[in-house]
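The values are calculated or read from the model by the stated rules, or taken from the named source; none is laboratory data. Quantities reported herein were computed from a predicted structural model and do not represent experimental measurements. As a convention, Cβ positions derive from the backbone with ideal geometry for all residues, glycine included, and neighbour counts pool all protein chains shown.
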Amino acid sequence: MRPKNQTIDAVDLLSEARSYKIANDYYETSLVDRQTALDLLGRALELCRASVDRATEAACLTEIGRIHDMNGDYPTAIASAKEALSIYREMGDAEHELRTLQTLANLHYVAWDFGSGIEYARETLKLAGADAHPAAQASAYSILGNCYSELGRIDEAEDACRRAVEVAVSNSDTVRSTAYVCNFVTLLCDRGRLHEAWEYCGYLNDVMTNGSTRDRVMASGAIATVCNAIGRYEDAVGYCTTGIAYCRQIVDRYSESFQLIALGKARRALGDITAAKSCYEQVLDLRATFGDNTVQAASAHLALAEVYEAEGEMSLAYSHFKQYHAIDKKLFNEDADKKIRAMMVEMQVERAKQEAEIHRIRSVELTELNDALENAIDLLQQQNGELEAQAAELQLQAVILEEQTLQLQSQAIEMERLSTVDGLTGIYNRRYLEEWMAREMAEAQRYETEFSVAMADIDHFKDINDHFGHRIGDDVLKAVGAILQDSCRNGDLVARYGGEEFVFAMPHTGIDEAHAACERLRKAVQAFPWSTQIHPDLQVTMSFGLASDTSATSHEQLLTLADDFLYQAKRSGRNRLCSATTGGIRPAAKNVARTEGEGSYTLQTITKSKAA
């Protein structure tokens with residue numbers, strides 16, 4: 001720092017302000033140090049203007065703009081950069097003019113003024129020339145690509161990003177080329193140009209070997225994105241794992257969240273659902289701790305909703321889907337607010353310019369003043385019209401968002417409905433059965449009406465799976481579900497109880513009528529053309545246990561009684577119905593399968609427990 005008795009001049013103050021930079025990076029500087037630097041630069045600026053030191057004045061303005069950029073005060077940063085640009089042009093300093101044009105292009109991009117960002121990027125390209133300043137060219141092309149992408153001009157965005165990569169790589173600009181290549185690869189993946197994106201992965205693999213830790217973070221993330229897109233999920237796991245380790249080395253939580261999302265996608269595609277869920281949960285933990293990965297948190301909630309839905313955990317799926325929707329809506333509103341603020345700032349800046357122009361021309365002839373005023377009014381009216389049109393567009397987007405919300409609510413209702421249906425057979429599941437039987441049995445006990453329930457089990461189902469395969473086993477379950485559903489009467493209920501067990505509940509039905517109904521079902525299963533419909537060597541039968549006792553204290557007790565009779569039917573030879581009537585067992589037809597000598601699978605020789 002400067003001793004107290006040292007002569008104060010603008011250059012000293014500028015040098016002292018720059019000393020508050022840490023590792024040449026304002027973004028690592030504390031807020032207190034930034035404000036101290038701003039105070040020093042303000043004093044230096046006053047001295048420059050008093051002594052007409054234009055070069056140092058422009059340098060001070062440039063530093064002031066950088067600090068306001070980091071603080072997120074883009075209008076002030078833009079104003080400072082424009083002042084510096086005017087001075088550099090006045091001095092004929094082409095090199096600093098070029099740098100300031102780059103700065104203005106980037107500032108307008110981050111301030112959501114994409115039109116101005118495009119114009120300054122084009123000015124940068126024009127001043128940079130064909131080959132004299134390749135780094136400036138690559139930077140300008142990259143900013144053009146980002147602005148075009150935000151405006152939906154995707155073809156122009158792709159062309160600009162490609163040029164940025166070509167210029168940086170051809171001139172061995174290793175500091176910037178990795179970022180440009182990663183940005184371009186992501187754009188190609190978004191457009192479905194996977195083969196071309198894959199070709200750039202060779203370059204990024206070299207970066208993984210020779211690049212800095214920051215470059216390796218970017219390269220691993222881009223390669224993992226491509227690998228996921230082309231189905232090379234194991235490779236994606238490797239690159240993500242490496243990338244996450246690099247992220248943690250440099251404490252880059254934002255990139256770590258991005259890599260965890262990609263890793264979760266790859267794990268999920270490989271069938272490792274537990275590991276995938278762990279990745280998504282880590283993203284949410286990072287958001288809870290650091291709060292700077294909102295976009296990735298939304299992706300994590302959506303992925304968890306899909307995973308839990310596939311597992312049949314509808315409550316968890318719905319919870320994560322609601323959280324995803326809340327974040328998505330918040331991001332949409334924030335984007336809309338940013339656009340509106342950018343438009344209002346631009347209008348205020350333009351209005352300030354016009355007021356300054358009016359003040360300047362007050363000494364000009366009245367006719368010129370009137371012309372200038374009319375032009376200014378026309379421009380303001382045009383800008384107001386554009387602002388109103390953009391506001392209308394934002395309102396339309398809000399309406400669309402509301403419609404999407406209603407659609408999501410409808411989907412939630414449908415998800416609740418699906419939670420009562422067995423996903424394989426299409427009939428009711430055990431959850432719905434339990435709720436339904438509790439109501440129906442309570443009504444039967446209240447009004448003293450009859451109530452019967454049968455527990456049915458596919459005979460030798462484990463051996464069907466072992467011999468024919470699980471796909472045939474699934475087809476058998478679907479067919480049995482359809483047979484039972486089609487054969488039951490109005491008011492009865494068929495449900496899959498679990499595995500190969502089914503329940504047939506019959507309100508207002510006595511034991512004899514229930515016996516007849518169950519026999520129809522058993523015969524329908526036995527008579528089904530299994531050998532022609534599913535497999536030539538297949539024959540399927542079912543055993544039934546029937547209970548009819550409204551004196552049972554609960555529907556669970558009645559189901560247990562039916563299950564006991566089912567166990568008795570299994571032990572008595574299968575393919576039969578057993579109940580409390582006539583001593584317990586009603587024998588079923590024999591010869592339920594052809595013999596091995598006839599070339600078919602013989603179920604008669606298999607002796608298993610009831611679960612078989």
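Taking Thr560 as the residue in question, decide whether it is within 23 Å of Gly491 (Cα to Cα) and either at pLDDT 95 or above or assigned by TED's automatic domain parsing to the domain that holds Ala482 (or both). Yes: the conditions hold for Thr560.
Scanning the range 177-234 for residues that are of a type in the set (Phe, Trp, Tyr) and assigned to a helix (DSSP H, G or I) turns up Tyr180, Phe184, Trp198, Tyr203, Tyr233. Got at least one residue in the range 183-192 being surrounded by 21 or more Cβ atoms within 10 Å (Cβ to Cβ) and either among the basic types (Lys, Arg) or touching a Phe, Trp or Tyr at 6+ places or on another chain (Cβ under 6 Å) (or both)? Yes, the range 183-192 contains at least one residue that is surrounded by 21 or more Cβ atoms within 10 Å (Cβ to Cβ) and either among the basic types (Lys, Arg) or touching a Phe, Trp or Tyr at 6+ places or on another chain (Cβ under 6 Å) (or both).
Condition check ((1) outside the structural domain of Leu559 (by TED's automatic domain parsing); (2) of a type in the set (Gly, Ala, Ser); (3) not in a helix (DSSP H, G or I)) across all residues:
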{"position": "Leu396", "(1), (2), (3)": "yes, no, no"}
{"position": "Glu402", "(1), (2), (3)": "yes, no, no"}
{"position": "Gln407", "(1), (2), (3)": "yes, no, no"}
{"position": "Ile413", "(1), (2), (3)": "yes, no, no"}
{"position": "Trp436", "(1), (2), (3)": "no, no, no"}
{"position": "Glu440", "(1), (2), (3)": "no, no, no"}
{"position": "Ala444", "(1), (2), (3)": "no, yes, no"}
{"position": "Thr449", "(1), (2), (3)": "no, no, yes"}
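Looking at the range 82-102, is at least one residue touching a Cys at 6+ places or on another chain (Cβ under 8 Å) and either more than 19 Å from Ala136 (Cα to Cα) or assigned to a helix (DSSP H, G or I) (or both)? No, the range 82-102 contains no residue that is touching a Cys at 6+ places or on another chain (Cβ under 8 Å) and either more than 19 Å from Ala136 (Cα to Cα) or assigned to a helix (DSSP H, G or I) (or both). With the requirement that a residue be over 12 Å from the mean Cα position of the chain (by Cα) and either of a type in the set (Ser, Thr, Tyr) or assigned to a helix (DSSP H, G or I) (or both), what does the range 261-275 give you? Residues satisfying the conditions are Leu263, Ala266, Arg267, Arg268, Ala269, Ile273, Thr274, Ala275.
For residues that are of a type in the set (Ser, Thr, Tyr) and farther than 28 Å from Ser172 by Cβ, scanning just the range 194-245, find the one that is surrounded by the fewest Cβ atoms within 10 Å (Cβ to Cβ). By that ranking, first place goes to Thr241.
Of the candidates Glu402, Glu374, Glu388, the single residue that is more than 48 Å from the chain's Cα centre (by Cα) and at pLDDT 80 or above is Glu374.
All conditions but one from (1) over 21 Å from Ala495 (Cβ atoms); (2) of a type outside the set (Val, Ile, Thr); (3) touching a strand residue (DSSP E or B) at 6+ places or on another chain (Cβ under 6 Å) apply to Tyr428; the one that does not is (1).
Can you name the number of the only condition in (1) in contact (Cβ under 8 Å) with a residue 24 or more places away in the chain; (2) not in a helix (DSSP H, G or I) that Gly72 fails? Unmet condition: (1). Residues that are modelled with pLDDT under 80 and under 25 Å from Ile230 (Cα atoms) are absent from the range 255-278.
Do we find that Arg489 is of a type in the set (Lys, Arg), under 23 Å from Gln557 (Cα atoms) and touching a residue at least 12 places away in the same chain (Cβ under 8 Å) in this structure? When the stated conditions are applied, Arg489 does not pass them. The residues of the range 527-550 that are under 19 Å from Thr509 (Cβ atoms) and without any contact (Cβ under 8 Å) to a residue 60 or more places away in the chain amount to a single one, Asp549. Kindly indicate whether any position in the range 416-427 is farther than 30 Å from Tyr324 by Cα, at pLDDT 90 or above and among the charged types (D, E, K, R). No, the range 416-427 contains no residue that is farther than 30 Å from Tyr324 by Cα, at pLDDT 90 or above and among the charged types (D, E, K, R). Looking at the structure I just gave you, is Asp235 over 19 Å from the mean Cα position of the chain (by Cα), charged (D, E, K, R) and at pLDDT below 90? Against the criterion (over 19 Å from the mean Cα position of the chain (by Cα), charged (D, E, K, R) and at pLDDT below 90), Asp235 does not qualify. The set of residues in the range 148-173 being surrounded by 15 or more Cβ atoms within 10 Å (Cβ to Cβ), part of a helix (DSSP H, G or I) and of a type in the set (S, T, N, Q) consists of Ser149 alone. Quick check: is even one residue across the range 550-566 more than 18 Å from Ala456 (Cα to Cα), surrounded by fewer than 22 Cβ atoms within 10 Å (Cβ to Cβ), of a type in the set (D, E, K, R) and under 49 Å from the mean Cα position of the chain (by Cα)? There is no residue in the range 550-566 that is more than 18 Å from Ala456 (Cα to Cα), surrounded by fewer than 22 Cβ atoms within 10 Å (Cβ to Cβ), of a type in the set (D, E, K, R) and under 49 Å from the mean Cα position of the chain (by Cα). Just the residues that are part of a helix (DSSP H, G or I) and more than 50 Å from the chain's Cα centre (by Cα), please, taken from the range 45-62. Once the filter is applied, which keeps residues that are part of a helix (DSSP H, G or I) and more than 50 Å from the chain's Cα centre (by Cα), the range 45-62 yields Glu46, Leu47, Cys48, Arg49, Ala50, Ser51, Arg54. Checking Tyr497, Tyr447 one by one, the residue that is under 19 Å from Glu556 (Cα atoms) and surrounded by fewer than 22 Cβ atoms within 10 Å (Cβ to Cβ) is Tyr497 and no other. Where strands (runs of 3 or more DSSP E) sit wholly within the range 455-570, those with at least 3 residues that are of a type outside the set (Ser, Thr, Tyr) and under 18 Å from Glu440 (Cα atoms) occupy 493-498, 501-507. If you go through the range 103-123 and keep only what is small (Gly, Ala, Ser) and crowded, with 24+ Cβ neighbours inside 10 Å, you end up with Ala105, Gly117, Ala121. Can you name every residue in the range 200-233 that is touching a helix residue (DSSP H, G or I) at 6+ places or on another chain (Cβ under 6 Å) and among the charged types (D, E, K, R)? Listed by number, the residues that qualify are Asp215, Arg216.
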